[in-house]
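Working notes, beginning with the structure itself.
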Amino acid sequence: MKKDKNDSPKIFIVSDKNTAYNSVLKEELKDYSLKIFDSFDHAYYSVYASPPQLIIITMNALSKIGSENNKREIKMITDMQLDNMLSNIPVLFMLPAHFDFNEIKDEKYFLKDYIKEPLNPCELRYKTQNIIYASKSALDANPLTKLPGNSSIMESVKDKLIGEVNFSFAYIDIDNFKSYNDKYGFLRGDEVIMMTSRLIATTVYDISKTRQRDIKQHVFIGHIGGDDFVFMSHPDDIIDISNAIISNFDKIILSFYDNTDKQRGYIEAYDRQKKMQKFPVMSLSIAVIEDVNKKISHYGQISEIASGLKSTAKEKKGSNVILDRRRVE
């Protein structure tokens, strides 16, 4: 599986066409999809039409600080950073060596990330890579658990497939969570979600580190949303991790119930048809796909396989781990 060139993050560069830095910017950022503008006016409207992952602005491309044109440019940059649709796009400034910050002291949102001249190519590459990564992670992260979301999960799977990393994938669902959430309220439901996310992350990392796995290569924990999570690990660890997560979850989960429900082992709540039903204590269904890179050729297949396995797991009582039994070709 080869990496698609169209996957490269898009960067807008606002820079005076006569500056010597343009050749450095093009060379050091050649792995990105670059679009260069000689004024922020021109870039501003393109941002709305086709938003980039980063905007780099050299100060020589802006009007003289204090001038009316400069005030207008600063307002446009500030407005963009306050716009709900565009506020996630980071802006990196290249500043003169003796830039006077006192001149922009009243511009609260104007200048957040910057590099000062003389331009260091290594610093440019490092800062660009980290800003894009941090921005992407923050945008994709689940607001409650802060775990990576769907885009990051998909990218991690794609990277492992492209890198021919042999890994395993697990999809986790909390059984009977909706009935619990309906009866006890979303605040207590959020506490269950947070506990589960911490339990998954701690277990995955503890076992992986104990066995001295390459964390960057094999390990990933994500939160699809609601009560659905995923994790990836070294193939030899996936079953032990899954069983440990279930064992600890089953020990902890009763503490989230009131004494009456805890003693009888179920809660009474309305189902989707508005009928009062008895719902068992929450449990976990974990669908496991071992040796992913030996079984599939496209990341889209994982969702299909995991969905089928999860349905099988949920048909059984209590917490269960269901394995994909298809043979490795």
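Any read-out appearing in this document is the output of simple, stated calculations on the displayed coordinates, not a laboratory observation. All values reported here derive from a predicted model rather than from experimental measurement. Heads up, the Cβs are rebuilt from the backbone with ideal geometry, glycines too, and the neighbour counts pull from every protein chain shown.
When you restrict to C-alpha pairs under 8 Å that are six or more residues apart and normalise by the size of the chain, the relative contact order lands at 15 percent. Give me the one-decimal nm value for the distance between modelled label points at Gln301 and Lys216, 7 Å along each residue's Cα-to-Cβ direction. Each label point is offset 7 Å from its Cα along the Cβ direction, giving 2.8 nm. Restricting the calculation to Cα atoms, the stretch 150-323 shows an Rg/Rh of 1.00 when the hydrodynamic-style radius is the Kirkwood one. Summing charges over neighbours of Phe40, with a neighbour being any other residue whose Cβ is under 12 Å away from its Cβ, gives -3 when K and R count +1 and D and E count -1. Hydrodynamic estimate: the Kirkwood radius of the stretch 129-212 over Cα pairs, inserted into Stokes-Einstein at 4 °C and 1.567 mPa s, corresponds to D of 85 µm²/s. Under the membrane-span-like helix rule (DSSP H runs whose alpha carbons stretch at least 30 Å along the helix axis, mean Kyte-Doolittle hydropathy 0.0 or higher), the chain yields 186-210. Of Leu86, Leu161, the sequence from fewest to most neighbouring Cβ atoms within 10 angstrom is Leu86, Leu161.
So, with +1 on the Cβ of K and R and -1 on the Cβ of D and E, and no other charges, what is the size of the charge dipole of the chain about its Cα centre, to the nearest 20 debye?
It comes to approximately 700 debye.
Once the Cβ-Cβ distance of Leu95 and Asp159 is raised to the sixth power relative to R0 = 30 Å, the FRET efficiency obtained is 0.30.
How much of the calculated P(r) for the chain lies past 29 Å, in percent of all Cα pairs?
Working: 28065 of 53956 pairs.
Of the Cα pairs, 52 percent sit more than 29 Å apart.
Which of Phe37, Leu124, Leu139 sits closest to the plus end of the dipole of the chain, meaning its Cα is farthest towards the positive end, when Lys and Arg get +1 and Asp and Glu get -1 on the C-beta? In the chain, that residue is Leu139. Taking amide hydrogens as placed 1.01 Å from N in the peptide plane, the amide H of Lys116 sits under 5 Å from those of Leu95, each at least 5 positions away in sequence or on another chain.
Over every Cα atom in the stretch 47-205, the radius of gyration and the widest Cα-Cα span, Dmax, amount to 21.6, 62 Å. Taking 0.36 nm per residue of separation and subtracting the current Cα-Cα distance, fully stretching the chain between Thr202 and Lys314 would add 37.9 nm. The Cα center of the stretch 96-142 and the Cα center of the stretch 269-329 differ in position by 43 Å.
Residue exposure proxy: Asp173, Asp228, ordered by other Cβ atoms within 10 angstrom of their Cβ from fewest to most, comes out as Asp228, Asp173. Take the Cβ-Cβ distance between Asn243 and Lys112 as r, set R0 to 45 Å, and report the resulting FRET efficiency rounded to the nearest 0.05. For Asn243 and Lys112, the calculated efficiency is 0.50. In the chain, helical runs assigned H by DSSP with n ≥ 4 each contribute -39500 (n - 2.57); averaged across all residues and rounded to the nearest 500, the mean residue ellipticity at 222 nm is -13500 deg cm²/dmol.
Straight-line cross-link reach from Lys314 at under 18 Å between alpha-carbon atoms covers these aspartates and glutamates, not counting any fewer than eight positions away in the same chain: Asp173, Asp175, Asp227, Asp228, Asp250, Asp271, Glu304, Asp324.
Would you mind telling me the antiparallel percentage of the DSSP bridges in the chain, rounded to 5?
50 percent
Magnitude of the charge dipole for the stretch 150-323, about its Cα centre and with charges confined to Cβ atoms of Lys, Arg (+1) and Asp, Glu (-1), is about 380 debye.
Only Lys, Arg, Asp and Glu carry charge here, each on its Cβ (+1 for the first two, -1 for the last two); on that basis the stretch 5-140 has a dipole of about 200 debye about its Cα centre.
Note: relative contact order over the stretch 5-140, using C-alpha pairs below 8 Å and six or more positions apart, is 23 percent. Among His218, His298, His98, a tally of other beta-carbon atoms within 10 Å of each Cβ gives an order, fewest to most, of His98, His298, His218.
The separation of the stretch 184-241 from the stretch 14-54, counted between C-alpha centres, amounts to 39 Å. With the simple spin-label model, which puts each label point 7 Å out from Cα in the Cβ direction, the Asp190 to Asn120 separation comes to 4.1 nm.
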